[in-house]
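Colleague: Supplied in structure tokens, the structure appears directly below.
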Amino acid sequence: MKKLIFFGLLFLFIFAYGCNEIIESSESSNPSASESVHESFSSVASSEAESGESGENSESDESIAQSAAESSVPAESIPSESSKPQSEESNPTSVPESSVAPPEQSEAGKEESSQYIPQESSEAPPEESSKTPPPWENTSSRPEESSTTPPPEESSQYTPEESSNPPEESKPEESKPEESKPEESKPEESKPEESTPEESKPEESQPEQGTGDAELLPSGYILYNGAAYHSTQYHADVAQAYADTFARYAEIFPNTRINVVTPPQSAINITNPAVAAMTNDQGIILDQMESHIYGGVNFVNLRKIFESHRGEYLFFKSDFHWTQRGAYYAYCAFAESIGLTPTPLSSFEEKVVTDQFIGRANETAGDDRVLSFVDTVYAYMPTKQHTMTVYNSNLDVDRVYSNCIYVKRESYSCFITGDQPYTVINVPSNDQSKTALVIKESSGNAFVPFLTEHYGNIIVIDPRHINIDIRELVDELGVDDIIFHATASTSSRSGYNDYYRALIGE
């Protein structure tokens, strides 16, 4: 027992002597820290006397030494910086936090490394190096300070795990490639650049948006894309005069429906807005003409149907007339306006009358370049058998035809053989009591053949070539529909209105 007491006292003496040497060396470098270590040593001595167990003493030494070491470091630096990496690791995609945290932790790391790096000389690093070797490699740049590290402060080497957080926080730096994903997503942002070909479609159509080779002639025609486009103007007083005449017909013939079909001019078919803007809007002119109509007159406004078929072969390139396809759409609008079902275009036999038609627009346009524009005349043959009788201005029979489209005339005049004074078309298969009277100029020639689908008798008058009073005729024949058919250009001049008045003796 005495030997045990002797060796125990000897161990305490040697241990106290060694600690005293360490305290003196630490006082020379850091007096405040030496006082903290001296206080911690006193606590160790008292705790040994109370516990008597070496295992508990080593654990209390580690906790006391750690508290002593922490007393020399700002209390906010270690817990706050150690908590930040945990929050960042729990949310590694939080780029703003990771970008802010590393600079703060790097400053704390400088403070911690100045106090805990000397602990590298202890025996604990091999154990911790197996856990987190990178931190020790980063702090190995200061080996000279390891000689001043006291052995009891080995427990403070847990802080290097905290100092290892900056490398762990360097993961956000490694996540910078993840931040570069937006840069990788630039190809996705380049999709708009890839979509520029789609946006370039308007650029491809820019020649369509510009006037290109369009030329407005003094006559009002527009030469564009190998075609002569005709336009007209609106005159309110003339439009009102026509409206009054139509209303007068409705007054004279109360049992007859008065209809007005006014074909637009070919400029309505220009698909290029910039070129179309070089002249008056032909659709608006039709609206303006319609605004004057009154007295129960049926004005068939062709604006919508022509604009919906804009770009089709509705007008000749070298002539001021429309094609029969254009006339067909006018027939559809008229039939629907009076409750009839138009015959589908596919039901008609299409014939090419000629593919070398050159019209007379060069005369009205005043430009012989129009003679280089070549057209094809298509005819849609009526589906029902009929006969057509043509009379001269004296109402004598001139000729009888088995079809109202005479294809041997290889021009626009194939339709009802052109402008004749007085023509009668009879369709035996249709109701013979159903009669239409068409008062027209040349644009009506391509329109009339479609009426054979519905009427038993069709009377066609060109008031320029005959002078008669139709009041007795209408009453005797019991005409169901009077159809005024003149273009917007014709209807913008007062001359044709005089012809209309003359037919009723006025």
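Colleague: Where does the charge balance sit around residue 464 when Lys and Arg score +1, Asp and Glu -1, over other residues with C-beta under 12 Å from its C-beta?
Modeller: Values: positive: 440; negative: 419, 441, 462, 498.
Its environment carries a net charge of -3.
Colleague: Continuing with the same structure: Please grab the % of Cα pairs in the range 425-490 that end up more than 13 Å from each other. Intermediate results must be reported in sequence, preceding the final value.
Modeller: Numbers: 1346 of 2145 pairs.
Value for the range 425-490 (Cα pairs over 13 Å): 63 percent.
Colleague: Suppose we take every Cα in the range 216-308 and form the convex hull; what volume per residue is that in Å³?
Modeller: Taking only Cα atoms, the range 216-308 has a hull volume of 100 Å³ per residue.
Colleague: With equal scatterers on the alpha carbons only and no solvent term, can you work out the Debye log10 of I(q)/I(0) for the range 258-302 at 0.13, 0.20 1/Å?
Modeller: -0.34, -0.65
Colleague: Label points 7 Å out from Cα along the Cβ direction at residue 374 and residue 426: separation in nm?
Modeller: Each label point lies 7 Å from its Cα, and together they span 4.3 nm.
Colleague: Oh, and also: Return the equivalent ellipsoid semi-axes of the range 353-506 as a descending list in whole Å, where each equals the square root of 5 times an eigenvalue of the C-alpha gyration tensor.
Modeller: Values: eigenvalues 145, 90, 32 Å².
They are 27, 21, 13 Å, listed from largest to smallest.
Colleague: If you don't mind, another one. Find out how many positive minus negative residues lie around residue 442, taking Lys and Arg as positive, Asp and Glu as negative, among other residues whose Cβ is under 11 Å from that of residue 442.
Modeller: Numbers: positive: 360, 440, 464; negative: 319, 419, 441, 462.
Result for the neighbourhood of residue 442: -1.
Colleague: Quick one: which of 345-358, 262-275, 304-317 comes out on top by average Cβ neighbours within 10 Å, and what's the full order, highest first? Spell out each step's value before the answer.
Modeller: Details: 345-358: 13.7, 262-275: 22.1, 304-317: 16.7.
Descending mean neighbour count gives 262-275, 304-317, 345-358.
Colleague: Here's another thing I want to ask about it. Hey, any idea what the orientation-averaged projected area of the convex hull of the range 255-402's Cα atoms comes to, in nm²? Each step should come with its number before you reach the end.
Modeller: Values: hull surface 48.9 nm².
Result: a mean projected hull area of 12.2 nm².
Here, each number is a calculation from the coordinates, and none is a lab measurement. Computed from a prediction, not measured in an experiment: that's the story for all the values here. Cβ: placed from backbone, ideal geometry, glycine included. Neighbour counts: every protein chain shown.
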